[in-house]
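To start, the structure itself, in structure tokens.
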Amino acid sequence: MIQKIQKKNTAFHPRLLYAKESGEIFDAPGLEACGMSGGHLVLLNPQDWIPLPFGSDLFLLPHRTPIGWDSHQKKFIILDDFQAVCAFVAPAYTLRATVAYQLSQKSDPLPLNAYSPVGYYHGQYFVPALRVDPDIRQDLKYFNPNQMNQKAAQDRHQFPNNTFLTQMIKCAFEYHCPAARNYFHQRFEAPMPTSTGCNAQCVGCLSLQPDDLPHSPMNRLHQTPTPEEIADIIVPHLEQVPMAIASFGQGCEGEPLTQFSLLKKTLQLIRTRTPQGTLHLNTNASMPEKIESLAQSGLNSIRVSLNSVRKSIYNAYYRPLNYSFEDVIRSIQVAKKHNLFVSLNYFIFPGISDQADEIQALLHLIEITQVDFIQMRNLNIDPESYLNTVGKPDSPGLGIDTLFKTIHSQFPAIRFGYFNPPKEKWGKAGILLPA
């Protein structure tokens, strides 16, 4: 059923973009760009749109016809025989809607990206998004290939047989992982990939997909490094970089807690060499007892990944093996008990994340766990695949801005962001509310 959001004014409405089979992109005079929320067509308010951030990309969507809004006829129009156009928005921005389209024929699922509507107005592209983190650590304009090459050459010379360094180079130069690239710029957060396996079967896993689905953007780590190999590379980063972070749990690996012994030894070894820097874990938080041990071994913070705080939706996406949603909650509580800084890696999907039931469940989670920080990251997945997995809601969501405001109204100290903050910025990173 088609739904629409009431517009607040008519001053600014980007036009719909569409593409021919040749790949040429055009704007459609008379048709406004719109979006989808939980699989329902929605109109967007003028204030929802921002200029397309630097570092974003435009994509054509095969076998998906564009949909626009005709304000004179007061109805949605499907442009048959054309392809929909969308944007993949740069890091640090959260989407307010997903791209609007209709399948023209049966088609393979889309690759693992977040698919934003994109419109055109007075010579400029616009997307319905908001910046949730002022940190520049993944802004494309600050990456310098020459500096990366120099650092990689130095490390290769110093550590010619270090398998961990080999993986870091692959991540930075082949997968273009922002964390690995920052390591080779000697700044911000450095990754510590360790795990070849996982105890979940996420529908949108970035490192392992079934053969009949689009390829993952990166291949899963094949060789587990040693604690010494990791420490040799990471300790200089922690000692030389201001407000440095080093983090287990990256897109090129499975769940790091499945390599608990390696993580514990690595933490202990690093801390025998230096007290500096923030040691962090990105995790599905499936093993509460392991979190406790790691906290006692030098871990400073964790980020817990969740697509939803409703158990049924969480299970449908994560498909956990030998752990439960209740284990995840207990892990957060254990982390807080041991004074770790706890972030939620809260995967945002407009229309699911901003349902009333979801917002209430999130408020309850914050209350019983007292998490410190919420990273509002876009869920990278084909929209239809996700809705087929978790179920299409009966109506659009309340709006991503409503999600922010509701959390802030009840927990005004909670900050929102996109990146893992170093300990020097705990309680200061990110934003309290979008501007």
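The values are calculated or read from the model by the stated rules, or taken from the named source; none is laboratory data. None of these values were measured; they are calculated from a predicted model. Every residue, glycine as well, gets a Cβ built from its backbone with ideal geometry; the counts of neighbours run over all protein chains shown. For the accessible areas, the whole protein counts, side chains as well, though only heavy atoms, and no ligand, DNA or RNA atoms are used. Shrake-Rupley method; radii C 1.70, N 1.55, O 1.52, S 1.80 Å.
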Kindly indicate which of Gly55, Gly35, Gly23 is open to solvent by less than 60 Å² (accessible area, probe 1.4 Å) and touching a helix residue (DSSP H, G or I) at 6+ places or on another chain (Cβ under 7 Å). Gly55
Can we say Gly254 is in a loop (DSSP other than H, G, I, E, B) and either surrounded by 18 or more Cβ atoms within 10 Å (Cβ to Cβ) or modelled with pLDDT under 95 (or both)? yes
Scan segment 354-373 and tell me whether some residue there is among the β-branched types (Val, Ile, Thr), in a loop (DSSP other than H, G, I, E, B) and out of contact with any Asp or Glu (no Cβ under 7 Å at 6 or more places or on another chain). yes
Counting only residues that are among the hydrophobic types (A, V, I, L, M, F, W, C) and part of a loop (DSSP other than H, G, I, E, B), segment 74-84 contains a total of 2
Return yes when Asn322 is more than 30 Å from Arg273 (Cβ to Cβ), open to solvent by 10 Å² or more (accessible area, probe 1.4 Å) and either in a strand (DSSP E or B) or free of Cβ contacts under 8 Å to residues at least 12 places away in the same chain (or both) and no when it is not. no
Residue check: is Ala285 touching a residue at least 24 places away in the same chain (Cβ under 8 Å), within 30 Å of Lys392 (Cβ to Cβ) and either among the acidic types (Asp, Glu) or not in a helix (DSSP H, G or I) (or both)? yes
Out of all the residues in segment 93-120, which are of a type in the set (Gly, Ala, Ser), more than 22 Å from Phe416 (Cβ to Cβ) and at pLDDT 95 or above? Ala100, Gly119
Going by the structure shown, is Val235 buried (at least 18 other Cβ atoms within 10 Å of the Cβ), modelled with pLDDT under 95, in contact with a helix residue (DSSP H, G or I) (Cβ under 9 Å, 6 or more places away or on another chain) and among the β-branched types (Val, Ile, Thr)? no
Kindly provide the set of residues from segment 85-110 that are open to solvent by less than 40 Å² (accessible area, probe 1.4 Å), assigned to a strand (DSSP E or B), in contact with a helix residue (DSSP H, G or I) (Cβ under 8 Å, 6 or more places away or on another chain) and aliphatic (A, V, I, L, M), ordered by number. Leu95, Val99
The residue from Val304, Val328, Val334 that alone is closer than 20 Å to Phe416 by Cα and of a type in the set (A, V, I, L, M) is Val304
Could you check segment 415-434 and list, in sequence order, the residues that are farther than 16 Å from Arg377 by Cα, in contact (Cβ under 8 Å) with a residue 40 or more places away in the chain and either touching a His at 6+ places or on another chain (Cβ under 6 Å) or not acidic (Asp, Glu) (or both)? Pro422, Lys423, Lys425, Trp426, Gly427
Restricting attention to segment 115-125, which residues are of a type outside the set (Val, Ile, Thr) and buried (at least 24 other Cβ atoms within 10 Å of the Cβ)? Tyr115, Ser116, Pro117, Gly119
What are the pairs, 6+ residues apart or on separate chains, where a residue within segment 68-92 that is at pLDDT below 95 has its Cβ under 7 Å from a residue that is of a type outside the set (Ser, Thr, Tyr)? Ser71/Glu32
